[in-house]
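Peer 1: Let me begin by handing over the structure; questions about it come next.
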Amino acid sequence: MSYSRHFLDFQGSSIPSAMKKLVVTALSPDFRRAVALRRDAPVPLPGDGELLVRNRFVGINASDINYSAGRYDTSVKPPFDVGFEGVGDVVALGLSASAHYSVGQAVAYVKAGSFAEYTVVPAKEAVPLPSVKPEFLTLMVSGATAYISLKELGGLSEGKKVLVTAAAGGTGQFAVQLAKKAKCHVIGTCSSDEKGGFLKSIGCDRVINYKTENVESVLRKDYPEGVDVVYESVGGKMFDLAVNSLATKGRLIVIGFITGYQNPTGIEPIKAEFLPAKLLKKSASIQGFFLNHYFSEYKMALQHLLKMYEKGELVCEVDLGDTSPEGKFIGLESVFRAVDYMYMGKNIGKIVVELPHSVNSKL
């Protein structure tokens, strides 16, 4: 089959007929059990308004496990593609898509099915980039989640005390920086001195290493009137502690609860029986945030974040696994290691997997 009959191709580019991709073959909170690597998947053809993107970097998210466990859409049955975000080059495109894009252009996207060598992306959903860099990938889900949730739900203003849990992680790093830019006092929890050093470098006012300090005791001693906003992604005991630490009219934003994702139920038990009384006593609130429900705000948020990064006003820390036991995350095979690395809490910044160029490609 000639590709040129179906879409605009770059003369001389080398697009294979088959590719590697990760596919969910069984629903399970164990990512390695749920997902298989296919080596002979057909490279998809882009339609009229679509781009074929050769992925160069793909992002790892805590929610990858929820997706492969079938928790987001119970009607979808295996097999289905996995992975939420990618950065790469346009290698082919449909006719109407060529009005705004060209072959060789760098783009980022958020779309299911990024854990593949090639992904078809609707042109209207792609984000044009000045170059292919993993730092841009940190903004697509992690950065946008922090930006939109704090803007819409945080009520940030100068002098407010903001607690960020898992602060050195993919999205925590942005919550810290954005709260600082709003002139708030920022407290961040983390699990190592190395992470603590990173948090201080991006402006965190008080770092709590929960391996060496008791978080509850520190908050009670240093912040006796409580904290105004909590950006919470850990769940379980950390959630309970965060609720107890809220100030009068405090706000707790639930971004996730990673400690429970690998459990069969997907949750970590919390002490919810006293929750109504605790919230009433403080006129406090808890609100969940799921990025999919805020796509009307997405483009604006991403444009702002990209401008901040390009001006040098935002640190976009990437963890490519250089310090992991088996080395850098390269190739789709290493996605499994990268997911394990995240759940062991080893990463500083956003975990990203690099997909190397095909040696046959002339792009």
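Peer 1: Considering each of Leu163, Leu178 in turn, give the residue that is touching a Leu at 6+ places or on another chain (Cβ under 7 Å) and either of a type in the set (A, V, I, L, M, F, W, C) or not assigned by the TED database to the domain that holds Val103 (or both).
Peer 2: Leu178
Peer 1: Now for a separate question. So, of the residues in the stretch 10-35 that are more than 25 Å from the chain's Cα centre (by Cα) and open to solvent by less than 60 Å² (accessible area, probe 1.4 Å), which turns out to be farthest from Glu125 (Cα to Cα)?
Peer 2: Gly12
Peer 1: Among Ile286, Ile351, which is outside any loop (DSSP other than H, G, I, E, B), of a type in the set (A, V, I, L, M) and within 21 Å of Gln177 (Cα to Cα)?
Peer 2: None of the others qualify; the one that does is Ile351.
Peer 1: Could you check, for the stretch 216-227, whether at least one of its residues is open to solvent by 10 Å² or more (accessible area, probe 1.4 Å), in contact with a Gly (Cβ under 7 Å, 6 or more places away or on another chain) and either modelled with pLDDT of 95 or more or in the same structural domain as Asn66 (by the TED database) (or both)?
Peer 2: no
Peer 1: Run down Lys278, Lys211, Lys249 and say which single residue is surrounded by fewer than 18 Cβ atoms within 10 Å (Cβ to Cβ), touching a residue at least 12 places away in the same chain (Cβ under 8 Å) and part of a helix (DSSP H, G or I).
Peer 2: Going through Lys278, Lys211, Lys249 in turn, the sole match is Lys278.
Peer 1: Still on this model: Any residue that is outside any strand (DSSP E or B) and over 30 Å from Gly172 (Cβ atoms) - is there at least one of those in the stretch 20-30?
Peer 2: yes
Peer 1: Any idea which residue in the stretch 36-60 is farthest from Gly266 (Cα to Cα), counting only those that are open to solvent by 10 Å² or more (accessible area, probe 1.4 Å) and under 23 Å from the mean Cα position of the chain (by Cα)?
Peer 2: The extreme case among them is Arg54.
Peer 1: Within the stretch 234-267, how many residues are in contact with a helix residue (DSSP H, G or I) (Cβ under 8 Å, 6 or more places away or on another chain) and either of a type in the set (Gly, Ala, Ser) or within 23 Å of Asn292 (Cα to Cα) (or both)?
Peer 2: 19
Peer 1: Okay, next question. Does Ile270 qualify as being buried (at least 19 other Cβ atoms within 10 Å of the Cβ) and either at positive phi or not charged (D, E, K, R) (or both)?
Peer 2: It is false that Ile270 is buried (at least 19 other Cβ atoms within 10 Å of the Cβ) and either at positive phi or not charged (D, E, K, R) (or both).
The values are calculated or read from the model by the stated rules, or taken from the named source; none is laboratory data. Keep in mind that this is a model prediction, so the values were computed, not measured. Neighbour counts run over all protein chains shown; Cβ positions are idealised from the backbone, glycine included. Calculation scope for accessible area: heavy atoms of the full protein, side chains included, ligands and nucleic acids excluded. Shrake-Rupley method; radii C 1.70, N 1.55, O 1.52, S 1.80 Å.
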